[in-house]
1. Against the longest principal axis of the chain, how steep is helix 120-137, in degrees 0 to 90 to the nearest 10, with axes from Cα atoms?
2. Can you tell me which lysines have their Cα less than 22 Å from the Cα of LYS277? Leave out same-chain residues fewer than eight positions away.
3. Each residue of region 245-258 in turn: what ³J(HN,Hα) in whole Hz from Karplus with 6.51, -1.76, 1.60 and θ = phi - 60°, glycine and Pro shown as x?
4. If amide H atoms are built 1.01 Å from N in the plane of the peptide, which residues on other chains or at least 5 residues away come under 5 Å of the amide H of GLY240?
5. Which ³J(HN,Hα) values in Hz, rounded to whole numbers, follow from the phi angles of region 97-106 under the Karplus curve 6.51 cos²θ - 1.76 cosθ + 1.60, where θ = phi - 60° and Gly and Pro get x?
6. Assign one of three labels to region 233-274, namely rounded, prolate or oblate, based on the Cα gyration tensor with a ≥ b ≥ c the square roots of its eigenvalues; rounded applies when a/c is under 1.5, prolate when it is not and a/b is larger than b/c, and oblate otherwise.
7. What list of ³J(HN,Hα) couplings, whole Hz, do you get for region 202-208 from phi and the Karplus terms 6.51, -1.76, 1.60, once you set θ to phi - 60° and write x for glycine and proline?
8. To the nearest 10 degrees, how steeply does helix 2-14 sit against the main Cα axis of the chain, on a 0 to 90 scale?
Amino acid sequence: MFRVFCLLFATLLALPAHAEGFISRTLNKPVPGGVAVVQLGSAGPAPSASYQGKPVLVVREEGRDWIAVVGIPLSVKPGTQQIQVKQAGASRSLAFQVGAKHYREQRITLKNTRQVNPLPEDLKRINRELAEQTAAYRSFSPGTPSNLVLDKPVNGPLSSPFGLRRFFNGEERNPHSGLDFAVPAGTPIKAPAAGKVILIGNYFFNGNTVFVDHGQGFISMFCHMSKIDVKLGDQVPRGGVVGRVGATGRATGPHMHWNVSLNDARVDPAIFIGAFKP
Ligand SMILES: [Zn+2]
């Protein structure tokens, strides 16, 4: 009897205090350009959370704890990071660890040198467009996303990964902020989750672009499109077509470029389709 008790006790000790759910296991990739899923406990009313002063996505994982799904900017160094959590009038800080990740280099040759070293009049346009897109990424709507594990917007092989350090005609520019799929021009691009169209533009670098807000700062951006199939303010269902693949803006050929943003941090879209490579 005593031996049975000891065995039972040992088994209980071996179990983790909180078995994490599917969303946590899939999305928790805490590296620069990745996602940290922070467990907030199951008690009480809905908590709110912030990271680097920006509101963070908080959901209740089905049948489990509240979780904060935190986007980690590429610029964050490995080490300890904090989020601030507010619940029922009380505030607390929670820590999470960011590990290291190595991002490769990519060298691209562009015939249009104006897309590498823009003219003064281009810079005026680029800065205006950057401000417009940054404001969209910083918007925070209250709705809970229809799904956090996302559908692929197109069926096709992944080409350029997120985070590549890019050199255009030998000059270093911003790292690759999204994930590319190699698919032909005209391929329909489908919303990976339901959302609202919060920005449409024709931009110097991104070409024809659509921003879809999935809720609580969880935002998809599609660019270089040949055609846009939605209007500003449209509610797009999961799987609804937002536009067609093209090569507008700074692109060497037709492909689908997809950004995913959480709390105004561009993160690796591969995480959300279960294709993340450490
Ligand atoms: Zn791209």
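Any read-out appearing in this document is the output of simple, stated calculations on the displayed coordinates, not a laboratory observation. The structure displayed is predicted, hence computed values, not measured ones. Here Cβ is always computed from backbone atoms with ideal geometry, including for glycine, and neighbour counts include all displayed protein chains.
1. Helix 120-137 sits roughly 30 degrees off the main axis of the chain.
2. LYS29, LYS77, LYS101, LYS152
3. For region 245-258, the Karplus curve yields 4, x, 9, 6, x, 7, 9, 8, x, x, 6, 9, 9, 10 Hz.
4. Amide H to amide H, under 5 Å and 5 or more residues apart or across chains, GLY240 pairs with ALA191.
5. Running phi through 6.51 cos²θ - 1.76 cosθ + 1.60 with θ = phi - 60° gives 9, 9, x, 8, 8, 9, 10, 6, 9, 9 Hz.
6. oblate
7. Once rounded to whole Hz, the list reads 10, 10, 4, 8, 8, x, 5.
8. 20 degrees
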